[in-house]
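Student: Have a look at the structure that comes next, please.
The values are calculated or read from the model by the stated rules, or taken from the named source; none is laboratory data. Please read these numbers as outputs of a predicted model, since none were measured by experiment. So basically every Cβ, Gly included, is an ideal-geometry build from the backbone, and we count neighbours across all protein chains shown.
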Amino acid sequence: MQAAISTEKIREDFPILKRKVRNNKTLVYLDNAATTQKPVQVINAISDYYLNHNSNIHRAVHALAEEATEAYETTRNKVAQFLNIKDTQEIIFVRGTTEAINLVAYAWGRQNVKQGDIVVTTEYEHHSNIVPWQLLTQEMGAKLEYIGMDDDGKLILDQLDTYLATGKVKLVAVSHMSNVLGTITDIDDVVSRCKKAGVKVLVDGAQSVPHMKVDVSAMGCDFFAFSAHKMLGPTGVGILWAKKEILENMVPFHGGGDMIREVHKYETTWNDLPYKFEAGTPNIADVIGFAAALDYLNNLGMDFVRQHEIELTKYALEKLSKIKGMKLYGTSDMSRRGGVISFNFADIHPHDLATIIDEDGIAIRSGHHCAQVLMERLDVAATSRASFYIYNTKEEVDILVNSLHRAARLFKLE
Ligand code: 7TS
């Protein structure tokens, strides 16, 4: 048994949490679905790289180049372990989830999606899992279809079956966890329906990988994308995982250095995987910093991370639901949701609400959360959103609740 992990101890690793923000109030950071804060371990790893090892990688034979290359490749191995990926050649470093999905849409999509074909996504996707498919389907004369959701935020998978029955679906692109509702998609069910129909599945893991144990091999999908910055890591680093035979048959996304084997005047041969998809000098320092984030999460254990968020979210949902005029979105079944709470409070505009509670040092997100298709489905222009991570506490939830009461008084609701 692991000794009890103390949130207080975790918080010591995040100097920014001691910061005073508006009105000299201590920061209450509840915008983790947008990006998480970084522990000193990650900041130090990046600093150490620039202080002691800075070099380009995969090229020169000098000592620094060797050290930098080794550290960069160590992160790839750690990503493989973290997600139970068997072959590191299947792990491609990109800038983030957005770039990963665009890579698939351009390099795989343009080869495999033809006129009359269908790409299926869902009503609760982030724009980065919608817009690349709109661009692709419009260019190819294909169609984009949506799996709807019920009022509890659950996907209506009968609709997926209807699309699959046309025999025209080439890809189903679905998020593992909604960034607005926190809904966890039943990926096993989606994948098994798609596999029976011989259809490929792309999973957007931007909100799942940071918050729960994910086993990419067991999932059985074909493409998997996520971002380092939502899981203690630096910005500008993301991962695309795809099955080797798919990557081998794909054309490159970007052309340039490092992705080639031989270049002649009129033809080029490609480097081995994964380098075929890593053109140019990559984000070396931040990839190396990401390894420290993975170490940090491994030390805590993803079961702890999930359990901590379940406790906080349950506590917050209970408190928030008691506030008169509060409308909460998403399911109350914690086995199917993560630590993201979207809400609307009476008829206070989410931007006004976020501005008022910012005066108490609380950082939440307000707006459409890059999910305007979902906003349309919910019939709202915007929501407020609080999202938790490993360093958040019940005391911070209480501060949020008190601040919402203050907003209610300002608007003469109490
Ligand atoms: N997919 C999901 C489910 C997301 O939540 C996000 C970012 C992305 C993709 C894009 O990730 P990126 O790292 O490439 O930007 N979500 C949010 C959010 O909820 N607030 O700010 C960014």
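Student: Quick one: what pairs do we get from the stretch 26-39, first residue among the aromatic types (F, W, Y), second part of a loop (DSSP other than H, G, I, E, B) and crowded, with 24+ Cβ neighbours inside 10 Å, C-beta under 8 Å, 6+ apart or different chains?
Tutor: Y29/N392
Student: Give just the number: which of (1) in a loop (DSSP other than H, G, I, E, B); (2) closer than 28 Å to P350 by Cα; (3) not acidic (D, E) does F226 not satisfy?
Tutor: Only one criterion is unmet by F226, namely (1).
Student: Right, something else. Among the residues of the stretch 234-254, is any of a type in the set (G, A, S) and within 30 Å of E311 (Cβ to Cβ)?
Tutor: yes
Student: Please give the helices (runs of 4 or more DSSP H) falling wholly within the stretch 90-172 in which 2 or more residues are surrounded by fewer than 16 Cβ atoms within 10 Å (Cβ to Cβ).
Tutor: Counting at least 2 such residues, we get 131-140, 157-165.
Student: For the stretch 20-41, give me each residue that is outside any strand (DSSP E or B) and within 16 Å of the ligand (Cβ to nearest atom).
Tutor: L30, N32, A33, A34, T35, T36, Q37, K38
Student: Modelled with pLDDT under 95, assigned by TED's automatic domain parsing to the domain that holds I130 and over 30 Å from T137 (Cα atoms), is that true of V79?
Tutor: Judged against the criteria, V79 is not a match.
Student: What number of residues in the stretch 173-190 are surrounded by 18 or more Cβ atoms within 10 Å (Cβ to Cβ) and assigned to a helix (DSSP H, G or I)?
Tutor: Residues meeting the conditions: 2.
Student: Here are some conditions: (1) part of a helix (DSSP H, G or I); (2) among the small types (G, A, S); (3) crowded, with 22+ Cβ neighbours inside 10 Å. G330 meets all but one. Which one does it not meet?
Tutor: (1)
Student: So which pairs qualify, if the first residue must be in the stretch 94-122 and at pLDDT 95 or above, the second must be of a type in the set (K, R) and more than 9 Å from the ligand (Cβ to nearest atom), the Cβ gap must be under 6 Å, and the two must be at least 6 apart or on different chains?
Tutor: Note: pairs meeting the criteria are N112/K170; V113/K170; D117/K168; D117/K170; I118/K143; I118/K168.
Student: For residues in the stretch 235-283 being aromatic (F, W, Y), away from the ligand (no atom under 16 Å from the Cβ) and outside any strand (DSSP E or B), which is nearest to F223 (Cα to Cα)?
Tutor: F277
Student: Are any residues in the stretch 353-373 surrounded by fewer than 16 Cβ atoms within 10 Å (Cβ to Cβ) and either outside the structural domain of R406 (by TED's automatic domain parsing) or within 17 Å of H405 (Cβ to Cβ) (or both), and if so, which ones?
Tutor: T355, E359
Student: Let me ask something else. Any residue at all in the stretch 383-393 that is of a type outside the set (S, T, Y) and surrounded by fewer than 23 Cβ atoms within 10 Å (Cβ to Cβ)?
Tutor: Within the stretch 383-393, none of the residues are of a type outside the set (S, T, Y) and surrounded by fewer than 23 Cβ atoms within 10 Å (Cβ to Cβ).
Student: If I filter the stretch 53-68 down to residues being free of Cβ contacts under 8 Å to residues at least 12 places away in the same chain and in a helix (DSSP H, G or I), which single residue comes out as farthest from the ligand (Cβ to nearest atom)?
Tutor: A63
Student: Could you tell me which residue of the stretch 262-319 is farthest from Q41 (Cα to Cα), considering only residues that are within 19 Å of the chain's Cα centre (by Cα) and of a type in the set (G, A, S)?
Tutor: Ranking the qualifying residues of the stretch 262-319, first place goes to G301.
Student: So which residues in the stretch 129-146 are within 16 Å of the ligand (Cβ to nearest atom) and among the β-branched types (V, I, T), if there are any at all?
Tutor: Scanning the stretch 129-146 gives I130, V131.
Yes/no per residue for (1) charged (D, E, K, R); (2) more than 16 Å from the ligand (Cβ to nearest atom):
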residue	(1), (2)
H127	no, no
G148	no, yes
D158	yes, yes
K170	yes, yes
A173	no, no
L181	no, no
I187	no, no
V201	no, no
A206	no, no
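Student: Here is a check on your reading of the model: is V201 without any contact (Cβ under 8 Å) to a residue 60 or more places away in the chain, in a strand (DSSP E or B) and over 22 Å from Q372 (Cα atoms)?
Tutor: yes
Student: If you don't mind, another one. Within the stretch 303-326, which residues are surrounded by 14 or more Cβ atoms within 10 Å (Cβ to Cβ) and polar (S, T, N, Q)?
Tutor: Within the stretch 303-326, just T313 meets the criteria.
Student: Oh, and also: Taking only pairs six or more apart or across chains, which ones have beta-carbon atoms under 9 Å, a first residue in the stretch 162-182 that is modelled with pLDDT under 95, and a second residue that is within 11 Å of the ligand (Cβ to nearest atom)?
Tutor: Pairs that qualify, where the first residue is modelled with pLDDT under 95 and the partner is within 11 Å of the ligand (Cβ to nearest atom): there are none.
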